[in-house]
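The values are calculated or read from the model by the stated rules, or taken from the named source; none is laboratory data. On a predicted model such as this, the values are computed, not experimentally measured, just so you know. Note: ideal-geometry Cβ built from the backbone for every residue, glycine included; neighbour counts use all protein chains shown. The protein model used for the area step is the full one, side chains on, heavy atoms only, and it has no ligands, DNA or RNA in it. Shrake-Rupley method; radii C 1.70, N 1.55, O 1.52, S 1.80 Å.
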Amino acid sequence: MKTIHSKILSISAVMICLITFSCQKSGNNPGGTTTAGKSSVNIYLTDDPSLVFDHVFLDISKVEIKVEDDSELSHESEHQGEVDDNDSRGETGGGWVSVPIHAGVYDILQFRNGLDTLFASSTFDASRSLKKVRLTLGGNNSVVLNGTSFPLTLNGNDNFVVIKIDESSVAVNSGGLTNFWIDIDAGRSIRMHGKDFELKPSAKVFSKEKSGGIEGRVLPAAAAAVIMAVNGTDTATAKPEAEGEFKFMGLKPGTYTLIYHATANNYVDATVANVVISGTEDTHVPDVTLHQ
C-alpha cells in the first residue's frame, strides 16, 4: 500500500446520495421477454476489486448503448478512428440511445465475489446492431482509504467510459434478450498523481454464454489472502469474504494458475495449477489452507 504524504482531507458537508440496490449472486439473474421486432438488453454491474481501498464511490450519471443501422455500421467501419474519438468525447449521434437508470453514487466494491446488480434495461429495434455501451461519470467520485475519504479527479474526457461490445465476449441475441455485465477494474482505474488520486476508468464487458468462473475458499482468515487467477498475460484478482469464499467472473476459457498470496502474519503463499475453464460453467476448486 502506498503511503499518503498529505494532510487528511475533511469530508464535504454536502450529503452524498448513495443509491443502494439489492445484490444477488450471478447465478440467479432474471430472464426477460422481447416483443416482436424488438431486441432487449439487461446490463449488470460487477467489479474486479481493489486491494487497497475500503470503498470506491463512482458517480454514474448516465448510461447509453450504441445500436447502429446498416448505414451507421458502414460509416463506422470506414471511419473507425474518427467515430471512436467522437464516442469518447460524449457525442450522441450515430446510434447512441440513453438507457434509464437510477443515477447516483455507487460503491462498486459491493459487487465482488459473484455479487452483481441489475443496473439497467432497455429495448431497441431488432434491425439495429448492439455495438457499444457508454457510462458518463459525474464529478462526485471518491475513495475511502483507512477510514479517510479522498476525492478522485477526472481529466479531459475520462468521465466518458466507452466499451466495445465484442461478440467474442458477449453473446448478442438479435431480436431477443442480451444479458451482459460491465466489470469495472477498481484496482487499475485509480492511480496516484502527486498528492492526488486520479480516476481513469478501466472496464470490460462479458456475458455468461462466452465466459466462465472460478470459485473456492481460502483459510485461515488471519492470512488475509488475496487470490490471483493467471492465464498467460491475463490476470484477475479476488479478495475473499470474511469466511474465505471467493469467486472470479467473466474469465475466458483456458487453463489458469491460482496464486494464493498471504498478506499477514507470516503465512506462506500457495499455488494451484491447471484450473481449467472449458465453457460457461463455474469451476469449483477445493478449499486451500495456508500455513505459517
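Tabulated results
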| item | result |
| --- | --- |
| Residue 219 paired with residue 102, simple spin-label distance in nm, labels 7 Å along Cα-to-beta-carbon | 3.7 nm |
| The stretch 137-272: antiparallel DSSP beta bridges as a percent of all, rounded to 5 | 95 percent |
| Relative contact order (percent, whole number), the chain, Cα cutoff 8 Å, 6+ residue spacing | 20 percent |
| Charge dipole (the chain, unit charges on Cβ, about Cα centre) - positive-most of 255, 153, 120 | 153 |
| Full-extension gain in nm, residue 123 to residue 263, via 0.36 nm per residue minus C-alpha separation | 45.8 nm |
| The stretch 206-264: GluC sites (Glu not before Pro) falling in loop per DSSP and having at most 14 other Cβ within 10 Å | 243 |
| 10 Å Cβ shell holding at most 16 others, DSSP loop, trypsin sites (Lys or Arg not before Pro): longest site-free stretch of the chain | 90-194 |
| Pairs of lysines in the stretch 144-238 (C-alpha under 23 Å apart; 8 or more residues apart or interchain) | 4 |
| Stretchable slack from residue 153 to residue 177, in nm (0.36 nm times residue separation minus alpha-carbon distance) | 5.0 nm |
| Assigned charges on the beta-carbon of Lys, Arg, Asp, Glu; the stretch 28-177 dipole about Cα centre (debye) | 480 debye |
| Within the chain, helix-based [θ] at 222 nm, where runs of 4 or more DSSP H residues each add -39,500 (n - 2.57), nearest 500 | -2000 deg cm²/dmol |
| Normalised alpha carbon radius of gyration of the chain [divisor 2.2 N^0.38 Å] | 1.05 |
| Rounded percent of accessible protein surface that carbon and sulfur make up, the chain, 1.4 Å probe | 50 percent |
| Residue 79/residue 38 FRET efficiency (R0 35 Å; Cβ-Cβ; nearest 0.05) | 0.75 |
| Inter-label distance, nm, simple model (7 Å from Cα along the C-beta direction), residue 242/residue 89 | 5.1 nm |
| For the chain, share of DSSP beta bridges that run antiparallel, in % to the nearest 5 | 80 percent |
| Gaussian network model of the chain, springs between alpha carbon atoms under 10 Å - residue of 122, 74, 88 with greatest fluctuation | 74 |
| Accessible area (Å², per residue) of the chain, counting only protein heavy atoms and a probe of 1.4 Å | 49 Å² |
| Debye, to nearest 20: dipole size of the stretch 36-91, +1 on Lys, Arg Cβ, -1 on Asp, Glu Cβ | 360 debye |
| Label-point separation in nm, residue 291 to residue 168, each point 7 Å along Cα→Cβ | 4.3 nm |
| Dipole magnitude (debye, nearest 20) for the chain, charges at Cβ of Lys, Arg, Asp, Glu | 640 debye |
